[in-house]
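Just so you know, all these numbers are worked out from the coordinates, no wet-lab data involved. Since the structure is predicted, the reported quantities are computational estimates derived from the model, not experimental observations. Because the Cβ atoms are built from the backbone with ideal geometry, glycine has one as well, and the counts that use them run over all protein chains shown.
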Amino acid sequence: MTETTDGRSQNCVQDFSRERRIVKTDEFSSVFRLRPVYRTAHFVLYTRRNALPHARLGVVAAKRLAPRAVTRNTVKRVTRELFRLTPLPPIDCIVRLSKPVNTKAGPATTARLKQELRNELTQLFSSQRLSAGA
């Protein structure tokens, strides 16, 4: 096991290149047709097995649930970061924001919000890691 320049082990760190993303509408649709696999307070996870040697990720953060672009970008950034750091089986994952995370009246993003998002997303991704091992 080697370490990267920032001290993390290289075995868990994946890139997030285009091949690891779900980008096409028909790819999103084929995963959305399936039932949600796991829910948390703010997110719903949809998954589908794929024939690739790695997992892929799609993130949906609707404007009506996160009115500010800063908040939506934070949701996407935290989701991508945790996806990169979590070893997953070869599946297509779509993480969809399902409940409002904040309002226009409050701050766009806070350390508490980021921590809550990380906790929920960690639950989502670890549920897939555990179900693949079982």
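Observations on the model:
- Taking trypsin sites (Lys or Arg not before Pro) across segment 36-107, the ones in a DSSP loop with at most 14 further Cβ atoms lying within 10 angstrom of their Cβ are K63, R64, K104.
- Debye-sum result for segment 18-133 in log10 I(q)/I(0), which assumes one identical scatterer on each alpha carbon, at q = 0.22 Å⁻¹: -1.28
- Here the extension length gained between S29 and E116 equals 28.5 nm, from 0.36 nm per residue of separation less the Cα-Cα distance.
- Length gained on full extension, A51 to K63: 1.1 nm, using 0.36 nm per residue less the C-alpha separation.
- Comparing L117, S29, T71 along the charge dipole axis of segment 18-133, the residue lying farthest to the positive side is T71, per the Cβ-charge model.
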